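Okay, structure first, notes after.
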Amino acid sequence: MIENSKLPPAPDVAGISLDGTEIYVISVEENAELCASTGVAPAADGCAHPIYYYIATQVAMGKTVAGVCNVCKFDVDDGPMMGSSGVVFQKPLMVGVPYRVKGKILGLVRKRSRKLGVMDVLTYRLSLRDETDAEVLQTENVWVLPRRELA
Amino acid sequence: MSYAVGQELPAFIIESVSAEAMKKWAVFLRDPNPIHLDVEVVKAKGLGSRVINQGPANVAYVMNMLLAAFPGGRIEAMESKFVDNVYAGDQLQAGGIVTGVADGRVNCDVWLRADGQRLVISGTAAILTQLVL
């Protein structure tokens, strides 16, 4: 077993941009379908389900899930796992409004866990912005990338 | 409506997690990871014998619990830690307890449990209950 101090370093990915180029709009129809899939009715006031904080930022950030894994030198087929997800809303998400994403990778830390063996912990931050470039929300996500080849 | 520290929030229950809904979430998320879609892949990876629900869908159940518990309120912040997987067919219960009340804001500990016991999400949330329009 390789000790923590002797593990090869994780790829240096801190600061890589996740700025998106795609405009993301939550449609009335998809919001209704999503709400139904979770057992609730859509809001009558035009607010989208707040879980779109995650969906909108993931879909409209500058890299796909596989692309983010790729810059971390991790094969998406090896199974990235969600560690945690946090969000702070400045205002509610609305259907029919165009949003853009700005963001970056904050860090990739290699460590050993008793449960998963060697793993890289990826942290990235995304900001969802409206047409005036005002921030609607900020989210910070942590993924666990198991490095079975280093176990 | 008033809230007090220690007050338990009404549970939000999903009687059985739907594999069909996972197919929809794969489209919502534009993420075709087969562990959510193909039970044979789940078995081959040694992850169990049922397809695995997408993590954000699990967060959505907790959000539903909060929105029902605070009518007219708005989620200001939320932190979710993913502790375990949710599988197709699981019965889920989202719950919470008030940990702080001040200045039109209620803070809560929140959680999601599968089949009455297994913790799958733990977290915190802040709810704005007095919205300035």
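The values are calculated or read from the model by the stated rules, or taken from the named source; none is laboratory data. Predicted, not measured: the structure shown is a model, and the values here were computed from it. Cβ atoms come from the backbone with ideal geometry, glycine included; neighbour counts cover every protein chain shown.
Tabulated values for the structure
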| read-out | value |
| --- | --- |
| Residues being farther than 26 Å from residue A:129 by Cβ and either surrounded by 16 or more Cβ atoms within 10 Å (Cβ to Cβ) or under 18 Å from the mean Cα position of the chain (by Cα) (or both) - total across segment A:40-55 | 1 |
| Verdict on residue B:60 being facing chain A (nearest Cβ under 7 Å) and free of Cβ contacts under 8 Å to residues at least 60 places away in the same chain | yes |
| Residues (at the interface with chain A (Cβ under 7 Å from one of its Cβ atoms) and among the small types (Gly, Ala, Ser)) located in segment B:73-91 | B:77, B:80 |
| Residue in segment A:110-131 that is within 20 Å of residue B:79 (Cα to Cα), without any contact (Cβ under 8 Å) to a residue 24 or more places away in the chain and polar (S, T, N, Q) present | yes |
| Flag if residue A:68 is assigned to a strand (DSSP E or B) and not aromatic (Phe, Trp, Tyr) | no |
| Selection within segment B:100-133 - surrounded by 16 or more Cβ atoms within 10 Å (Cβ to Cβ) and over 24 Å from residue A:91 (Cβ atoms) | B:111, B:112, B:113, B:114, B:120, B:121, B:122 |
| Single condition residue A:83 does not satisfy, out of (1) farther than 18 Å from residue B:35 by Cα; (2) at pLDDT 95 or above | (1) |
| Pair list, Cβ < 8 Å and 6+ apart or interchain, from segment A:67-92 residues that are within 7 Å of chain B (Cβ to nearest Cβ) and farther than 20 Å from residue B:54 by Cα to residues that are part of a helix (DSSP H, G or I) and at pLDDT 90 or above | A:89/A:53 |
| Checklist (1) within 12 Å of chain B (Cβ to nearest Cβ); (2) surrounded by fewer than 19 Cβ atoms within 10 Å (Cβ to Cβ); (3) not hydrophobic (A, V, I, L, M, F, W, C) applied to residue A:37, failing item | (2) |
| Any hit, segment B:3-18, residues being within 7 Å of chain A (Cβ to nearest Cβ) and within 21 Å of the chain's Cα centre (by Cα) | yes |
| Spans of strands (runs of 3 or more DSSP E) in segment A:71-151 with at least 2 residues of a type in the set (Ser, Thr, Tyr) | A:81-89, A:98-113, A:117-129 |
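Matching residues to (1) away from chain B (no Cβ under 11 Å); (2) outside any helix (DSSP H, G or I):
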position: A:9; (1), (2): yes, yes
position: A:13; (1), (2): yes, yes
position: A:21; (1), (2): yes, yes
position: A:31; (1), (2): no, no
position: A:42; (1), (2): yes, yes
position: A:50; (1), (2): no, yes
position: A:53; (1), (2): no, no
position: A:57; (1), (2): no, no
